[in-house]
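Down below is the structure, laid out as structure tokens.
The values are calculated or read from the model by the stated rules, or taken from the named source; none is laboratory data. These figures come from a predicted structure and were not determined experimentally. Here the Cβ positions follow ideal geometry from the backbone for every residue, glycine too, while neighbour counts run over all protein chains shown. With ligands, DNA and RNA removed, areas are computed over all heavy atoms of the protein, side chains included. Shrake-Rupley method; radii C 1.70, N 1.55, O 1.52, S 1.80 Å.
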Amino acid sequence: MSGNRTERAPKMRMRGGPIGTEEKAKDFKGTWVKLIKYCKKYIPGIIVSLVIATIGTVFTIIGPDQIGKMTNEIQKVIGVLMATGQTVDVDLSAVTKIAMFLVVIYSLSAILNFLQGYIMATITQTIGRNMRTDISTKINKLPLKYFDKVSFGDILSRVTNDVDAIGQTLNQSISSLVTSVTMFLGSAFMMFVNNWHMALTAIGASLIGFVLLSLIMAKSQKYFKRQQKDLGEVNGHVEEVYSGHNVVKVYNGGKEAGRIFDDVNNRLYDSGWKSQFISGLMMPLMMFVGNLGYVAVCVVGAVLAMNGTIQFGVIAAFMIYIRLFTQPLSQLAQAFQNLQRTAAAGERVFEFYDEPEMDDESGKTEKLTDIKGEIEFRNVRFGYDPDKTIIHDFSSKIEAGKKIAIVGPTGAGKTTIVNLLMRFYELNSGDILIDGVPSTAVSRDNVQEQFGMVLQDTWLFEGTIKENIIYCKDGITDEQVAETCKAVGIDHFISTLPQGYDTVLDDKTSLSQGQKQLVTIARAMIQNAPMTILDEATSSVDTRTEHLVQKAMSNLTKGRTSFVIAHRLSTIKNADLILVMNKGDIIESGTHTELLEKGGFYADLYNSQFEQVS
Amino acid sequence: MIKILKYLKPKEWLMAVISLGFIVAQVWLDLKSPEYMAEITTLVQTPGSAMGDIWVAGGMMLLCTLGSLLAAVIVGYYAAVIGSALSRRLRRLLYNRVDSFSMEEINRFTTDSLITRSTNDITQVQMIIAMGLQLVIKAPITATWAITKIAGKGLEWTMATGAAVLIMLITFVLIMYFVMPKFRKMQSLIDNMNRVTRENLTGLRVVRAYNAEDYQEAKFDRANDELTGTQLYTSRAMAIVMPIMTIIMSGISLSVFWIGAYLINAAGAADRLPIFSNMMVFSIYAMQVIMSFMMLMMIFAMLPRATVSAKRICEVLETEATIHDGTRTEGLPGVFGEVTFKNVGFKYPDAAKPVLKDINFTVRQGETIAFIGSTGSGKSTLINLVPRFFDATEGEILVDGVNVKEYKFDALFNKIGYVPQKAVIFKGTVFSNVAYGDNGKGEFTETDVKTAVSIAQGIDIVESMENGYNADVAQGGTNISGGQKQRLAIARAVCRKPEIYIFDDSFSALDYRTDRLLRTMLKEETKGITSMIVAQRIGTIIDADQIIVLDEGKIVGCGKHKDLLKSCEVYKEIAISQLSEEELSEGGVAS
């Protein structure tokens, strides 16, 4: 008999997060419907695993009944001894028969439980993988507009934390829901079959305990919430002070920051021990509930046995049943909490899936090939926010092979032009024509193929230098890579690296900003697109290196239509057309000399960089 | 892990000892109640027992249970208080320690790592202490005590229990050996997948411009498959654990009764009843022994992680700050805003080559000194020596005629208005960000803040925000733009009314126009304050009183713009890349 306590076999918990974090989904039902739809393919598997779990649980429930019978066989002998003083033999063959039956039942139950655990683990992990893949694919289908309002951290947390949470809780919640309900109802049923007096006693005692428990737990919620909040505040403050350490120090802000820290730290201590205490109460309370039922069963059983109403084996069976009966109750509570967590995480994942994607363009058959590089802006109107137009009716025709510069103060919207050229964003009205073809008439991919692009933040990925330069272009030979690097002027540097072109770029390799920029320029050259875009490509490079980068860039733009965004005006003076932007709008356009003569915004901007402070 | 315990105060040790008493009491009560169970069994079997005796035994059992609950509640209380008090103390110690660190220690640990150590690692330790206090102590006591109780009651039963424990231990060891390493590996696989995703996100425009979506997705799939493979392995392996635990528990009940049947059969008349009641009791004790071992294993499974956390915390606590406070509160009388470098050299510990060598210059009150040079020339490092982010390894730096090392930190910092390259913005309001810190001259007034903001060209920021100066600023200033942050950071330095401004490349994020306006205002409104400027653009420093040109940590030129154009090759190179020929020949003054 394993009665005395209501322990649960401890689950190996690998992720010991702070206790008592509870998340709620806004739309619990809707999310679960979506989740079930998402898992459609795996539903047969899940059902099989649930059926297996149910059978396994039924086996477990049969167990105590058999233990009871076995005890009766033994007790019979004692009974005879006490009544008549005779020693008779225990019916060992009957005992062995029951025992063998139990061995089979227990083994089967264990095998079935393992099987269901294995199936569920496989299914949930596969679902997790599919979810991650879908998120990753989705990232590349969303318009850039979406990323203006969402932080990267948010998306990353969906890929890892949320999907992980779904994988974990889905596994635990569904199967434990089914087994718990089966266990709960099954053991109640078996208790009533055995003896209804004792069944009522056992259930009554347990229920009193659980009502008590749930009352305490309901009260404790606010402490958990407070602890979460305080923990968040402490962590936020620590993060802020550590990352601004220099400033905090030099401004003598340390004392004040220390005061704030002590304050939030004390608050966390207060809510921390309270919630820890309450969650620590859970275990002893559960034990108490179990013991209460256990004592009740013992006493009532003893009374009934003395009256001769029941055999002793019933008590033995009940001692196990009371454990089987109370155990699923706490598991149920946990399963429901898990369902909530699954829904909360699922909601965030599905929210992401449901974001509107870019239009499907597979129907567009027209294609730009071998273009000259003539661009025409025709009555272009655009605003990131449809109600707030920032480019009003802009028209301009750019001949093939010309250099167009876009200038303006910080935040003037210079990058907007690039966004529109590349069709990262769609126009409100008007057209951008490439060689006379509206860019919306062909697919986005096709438009983007026409441009080579170098941006201010040099984007390199973890991979070899060669991989970074070739990127996704097919059919590039090593000679071509070397040739390009020579043209860019980074060939010598690369050859000084220990693995040359096969040097892996990661956190450890320290390329200077300028060298990184040269690699991205090489990448754009390999691309060999008819037009190029250089978006502040030199502004994060110090001025001596800039010289090199400039040279590489003029190699890159040779013979191609090029768009250059720059904040150093001296670099774009020789442009064929300068577009001057301010506050999102194109306010002037012309050549350097024309604009200077005009004496407008550009002239002012240009002169300001050399003016001496009086 | 043990080292962490020395941070417990005597009061908490006392609490721990008291809890130990209660734990012993609890175990005693838990083990006592089966004895009443045995009594009841005997009573039921003996014809003619009084009903009252059963009620008494039952009542005693209930009392034991209640007593055990009470003891558990008390232990739980102490455990929670001790755990939380320790974590509060550790958190504060860690915080204060980091506060005292100079850049050298911070760079060594990295800021991110220090943040994790002060947050997650401490939470880990708190959990293991609170749980450990209850379980680590209780489990072995219960196990040994229960074993001694059952040891005399039947060798066969004891052996069965021993076998069950052995199976459990083997399972545990196997899992620790085969599965735990995979769990550890998992973190790096998750990091890897995160990296690939982040790569795609930060390079969105490039990925799309190069139509490299498929390339990136293929990369992601590889990382994803690798992660899924490991996760499948671990979760399948863990699926084995529960059934094994269940079968051990069911199995032990079954064996006790099965063995019991044979024992009773073999026993004589007199021994039969005691053996029978022993059997009932034994099944309970055996279960308790097994449960204790399970608890212990749970702790052991958690221990490695907590140990790593504890080690990481201790590492920080045992690191001494390399820069120490001085005693002086004043500079030499009558000297203000003067900075002198005398043969200053600087070398990072363990570095082969010095970053700075033989730096000599003096800047007097109200003057502007600028530092220019290519990346890695040491200009930022040089300027960071003044507020002692690092200490010079050679020579000395004098502020107002006194070596910076002799000043009390507060006194030195009150002389300085420092603006870093990347603006630091705190959670709060525009006002609290500008009026940040303490300059030893009392609270900043509203006028101070307003003047500072207007000098820093920040009026439009304040006007564009809903509550003006009281507008909320999010942590890290995520709700304002980069240029705005930089101007607020400059306003903060102005508001401080220091003797010396230090601008570490603070103007590069501003466009030329704002840059010029801001510098003009600074010059006019805050006369008499010395400026030290690190810059990239010639335009920013063209009118400085002294320009110091650095190359590979050495001064290669010093003078005014015009002189340097003639005398300094490096300076000329920088200038050529930024200015056109005619601008150069005009001496840099256009229009």
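Rounded, prolate or oblate for segment B:313-365? Axes are the square roots of the Cα gyration tensor eigenvalues, ordered a ≥ b ≥ c, and the cut-off for rounded is a/c under 1.5. Don't jump to the answer; show the numbers that get you there.
On the way: a/c = 4.42, a/b = 1.40, b/c = 3.16.
Note, shape of segment B:313-365 comes out oblate.
The charge dipole of chain B, taken about its Cα centre with unit charges on the Cβ atoms of Lys, Arg (+1), Asp and Glu (-1) only, comes to about 1460 debye. Compared with the dominant Cα axis of chain A, that is its longest principal axis, helix A:28-38 is turned about 80°.
What does the accessible area per residue of segment B:393-540 come to in Å², with a 1.4 Å probe and no ligands, DNA or RNA counted? Mind dumping the intermediate values first?
Numbers: 5510 Å² over 148 residues.
Per residue, segment B:393-540 has an accessible area of 37 Å².
In segment A:134-156, comparing the full protein assembly with the chain on its own, the residues that lose 20 Å² or more of accessible surface at a 1.4 Å probe are A:Ser136, A:Thr137, A:Ile139, A:Asn140, A:Leu144, A:Phe147, A:Phe152, A:Leu156. Kindly tabulate the residues in segment B:55-91 with an accessible-area decrease of at least 30 Å² between the chain alone and the assembly of all protein chains, using a probe of 1.4 Å. Correct list: B:Trp55, B:Met61, B:Leu62, B:Thr65, B:Leu69, B:Val73, B:Tyr77, B:Ala80, B:Val81, B:Ser84, B:Arg88, B:Arg91.
Remark: segment A:302-319, residue by residue, has Karplus-estimated 3J(HN,Hα) of 4, 4, 5, 5, 5, 6, x, 5, 10, 8, 5, x, 4, 4, 4, 5, 5, 4 Hz, where x stands for each Gly or Pro and the curve is 6.51 cos²θ - 1.76 cosθ + 1.60 at θ = phi - 60°.
Please label the shape of the protein assembly as shown as rounded, prolate or oblate, based on the square roots a ≥ b ≥ c of the eigenvalues of the alpha-carbon gyration tensor (a/c under 1.5 means rounded; beyond that, a/b larger than b/c means prolate, else oblate).
Prolate is the answer for the protein assembly as shown, as a/c is 1.5 or above and a/b outweighs b/c.
How many square angstrom of accessible surface are buried between A and B, both sides summed, with a 1.4 Å probe and rounding to 100?
Numbers: alone 33440 and 31650 Å², together 48970 Å².
The A and B chains share an interface burying roughly 16100 Å².
Seen against the Cα atoms of chain B and their longest principal axis, helix B:120-151 is set at about 20 degrees.
Would you mind working out the accessible area per residue for chain A, using a 1.4 Å probe, and quoting it in Å²?
Numbers: 25300 Å² over 614 residues.
It amounts to 41 Å² per residue over chain A.
Computed from backbone phi, the HN-Hα couplings of segment B:90-98 come to 4, 4, 5, 4, 5, 4, 5, 5, 4 Hz, rounded to whole numbers (Karplus: 6.51 cos²θ - 1.76 cosθ + 1.60, θ = phi - 60°; Gly and Pro given as x). The mean number of Cβ atoms from other chains found within 10 Å of a Cβ in peptide A:232-238 is 5, as a whole number. Assuming charge only on the beta carbon of Lys and Arg (+1) and of Asp and Glu (-1), the dipole of the protein assembly as shown about its Cα centre is about 3580 debye to the nearest 20. Given +1 at the Cβ of Lys and Arg, -1 at the Cβ of Asp and Glu and no other charges, the dipole of segment B:485-537 around its Cα centre is 140 debye to the nearest 20.
Rank B:Ile115, B:Ala163, B:Val136 by how far each Cα sits towards the positive end of the charge dipole of segment B:86-222 (+1 on Lys, Arg Cβ; -1 on Asp, Glu Cβ) and give me just the farthest. Highest projection toward the positive end goes to B:Val136. Peptide A:74-80 has a mean of 5 when you count, residue by residue, the C-beta atoms of other protein chains within 10 Å of its C-beta. What accessible area, in Å² to the nearest ten, does a 1.4 Å probe give for B:Asp460? Solvent-accessible area, nearest 10 Å²: 80 Å².
Under 5 Å between amide hydrogens, built in the peptide plane, is the criterion, and for B:Val473 it picks out B:Gly428, B:Thr429, B:Val430 among residues at least 5 positions away or on other chains.
Charge tally around B:Lys357: other residues with Cβ under 14 Å, Lys/Arg +1 each, Asp/Glu -1 each, net +1.
Here's how it looks for A:Ile586: its modeled amide H is under 5 Å from those of A:His392, which are all 5 or more places away or on a different chain. Specify whether the C-alpha gyration tensor of segment B:468-510 places it in the rounded, prolate or oblate class, a ≥ b ≥ c being the square roots of the eigenvalues: rounded for a/c under 1.5, otherwise prolate if a/b is larger than b/c and oblate if not. The shape class here is oblate. Structural descriptor for segment B:55-132: relative contact order 46 percent, calculated from alpha carbon pairs under 8 angstrom and at least 6 residues apart. Beta bridges per DSSP, both residues in the protein assembly as shown: antiparallel share near 55 percent. Helix B:241-266 axis versus longest C-alpha principal axis of chain B: approximately 20°, rounded to the nearest ten.
Which percent, to the nearest 5, of DSSP beta bridges fully inside chain A are antiparallel?
On the way: 20 of 37 bridges.
If I count the DSSP bridges inside chain A, around 55 percent turn out antiparallel.
Around B:Ala474, what is the net charge, scoring Lys/Arg as +1 and Asp/Glu as -1 over all other residues with Cβ under 12 Å from its Cβ?
Numbers: positive: B:Lys427, B:Lys485; negative: A:Glu240, B:Asp472.
Taking every Cβ under 12 Å from that of B:Ala474, the sum is 0.
Counting only other chains, what is the mean number of Cβ atoms within 10 angstrom of the Cβ of each residue in peptide A:514-524? Please report the intermediate quantities before stating the final value.
Numbers: counts 2, 0, 0, 0, 0, 0, 1, 0, 0, 2, 3.
Whole-number average of other-chain Cβ neighbours for A:514-524 is 1.
Counting only lysines at least 8 places from A:Lys219 when in the same chain, those with an alpha carbon closer than 19 Å to its own are A:Lys24, A:Lys229, A:Lys274. For B:Tyr501, nonlocal amide neighbours, meaning residues 5 or more places apart or on other chains whose placed amide H falls under 5 Å from its own, are B:Gly417, B:Thr530, B:Ser531, B:Met532. Averaged per residue, what accessible surface does segment B:59-207 expose to a 1.4 Å probe, in Å²? With the other protein chains kept in place, segment B:59-207 gives 40 Å² per residue.
Can you check what the net charge comes to around A:Asp385, using other residues whose Cβ is under 12 Å from the Cβ of A:Asp385 (Lys, Arg +1; Asp, Glu -1)? It would help to have the intermediate numbers written out before the result.
Values: positive: A:Lys145, A:Lys149, A:Lys388; negative: A:Asp148, A:Asp387.
Overall, the nearby charge balance is +1.
Across chain A, C-alpha contacts under 8 Å between residues 6 or more apart give a mean separation that, scaled by the residue count, equals a relative contact order of 17 percent. For chain B, the antiparallel share of DSSP beta bridges with both residues in that region comes to about 50%.
Using the Cβ-Cβ distance between B:Thr445 and A:Ile43 with R0 set to 45 Å, the FRET efficiency works out to roughly 0.05.
Computed from phi, the 3J(HN,Hα) profile of segment A:271-277 under the Karplus parametrisation 6.51, -1.76, 1.60 (θ = phi - 60°) reads 6, x, 5, 5, 6, 4, 4 Hz, with x in place of Gly and Pro. The mean sequence distance of close C-alpha pairs (under 8 Å, at least 6 residues apart), as a share of the length of segment A:214-302, puts its relative contact order at 41 percent. Which one of A:Asn419, A:Ile174, A:Thr309 is farthest out on the positive end of the charge dipole of chain A, using unit charges on Cβ (Lys, Arg +1; Asp, Glu -1) and the Cα centre as origin? Of the candidates, A:Thr309 comes out farthest on the positive side. Ranking A:Asn607, B:Thr42, A:Gly45 by how far each Cα lies toward the positive end of the dipole of the protein assembly as shown (charges on Cβ) leaves B:Thr42 at the top. For the pairs B:Lys9/B:Lys427; B:Lys427/B:Lys450; A:Lys403/A:Lys486; A:Lys141/A:Lys414, flag any whose C-alpha to C-alpha distance is greater than 28 Å. Correct reply: B:Lys9/B:Lys427. Taking all protein chains together, A:Thr593, A:Thr415 sort by accessible area into A:Thr593, A:Thr415, largest first [probe 1.4 Å].
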